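Take a look at the structure set out below.
The values are calculated or read from the model by the stated rules, or taken from the named source; none is laboratory data. All values reported here derive from a predicted model rather than from experimental measurement. Cβ placement follows ideal geometry from the backbone for every residue including glycine, while neighbour counts extend to all protein chains displayed.
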Amino acid sequence: MRRTGRTPRPEKEGETVQNPKKLITIRIETASIDYFKKLAEETGISYQNLINLFLSDCAKRKKKPNVRWSAFRAARGRRGRPVGRTARRNTKKDS
């Protein structure tokens, strides 16, 4: 089978795909996208596939991100709720 970067479809009726992909929408920093796009030019693999390969490798190795939780909590507010524009949009008006 030729590699097209797409999830392979079953060839015959009754066959199943072992590891289908799920379409999601996420926000990724521009610098991260630029990094994977540059890597895609160097390798000839689409940047979406490179991101998927990287995330799959992290999941297989059970690699956890190195996150500064204090900075995350500060951005989320005291009770873990978003602050700023998102918070205003998600709160109900008192009437």
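Tell me which residues, restricted to segment 40-51, are assigned to a helix (DSSP H, G or I) and either within 22 Å of Ile24 (Cα to Cα) or of a type in the set (D, E, K, R) (or both). Within segment 40-51, Ala40, Glu41, Glu42, Tyr47, Gln48, Asn49, Leu50, Ile51 qualify. For Tyr35, the criteria (1) of a type in the set (Ser, Thr, Tyr); (2) assigned to a helix (DSSP H, G or I); (3) at pLDDT below 95 hold in every case but one, which is (3). If you go through segment 52-62 one residue at a time, do you hit one that is modelled with pLDDT of 95 or more, at negative phi, in a loop (DSSP other than H, G, I, E, B) and exposed (fewer than 11 other Cβ atoms within 10 Å of the Cβ)? Scanning segment 52-62, I find at least one residue that is modelled with pLDDT of 95 or more, at negative phi, in a loop (DSSP other than H, G, I, E, B) and exposed (fewer than 11 other Cβ atoms within 10 Å of the Cβ), so the answer is yes. Close Cβ contacts (under 8 Å, 6 or more residues apart or on different chains) running from residues in segment 39-67 that are free of Cβ contacts under 8 Å to residues at least 40 places away in the same chain to residues that are of a type in the set (Gly, Ala, Ser) and outside any helix (DSSP H, G or I) comprise Ala40/Ser46.
Determine whether segment 14-21 contains at least one residue that is of a type in the set (Val, Ile, Thr), touching a Phe, Trp or Tyr at 6+ places or on another chain (Cβ under 6 Å) and modelled with pLDDT of 65 or more. Checked against the condition, which is being of a type in the set (Val, Ile, Thr), touching a Phe, Trp or Tyr at 6+ places or on another chain (Cβ under 6 Å) and modelled with pLDDT of 65 or more, segment 14-21 yields no hits at all. The residues of segment 50-65 that are hydrophobic (A, V, I, L, M, F, W, C), over 17 Å from Pro20 (Cβ atoms) and out of contact with any helix residue (DSSP H, G or I) (no Cβ under 9 Å at 6 or more places or on another chain) amount to a single one, Cys58.
Answer yes if at least one residue in segment 79-89 is charged (D, E, K, R) and at pLDDT 95 or above, and no otherwise. Taking every residue of segment 79-89 in turn, none turns out to be charged (D, E, K, R) and at pLDDT 95 or above.
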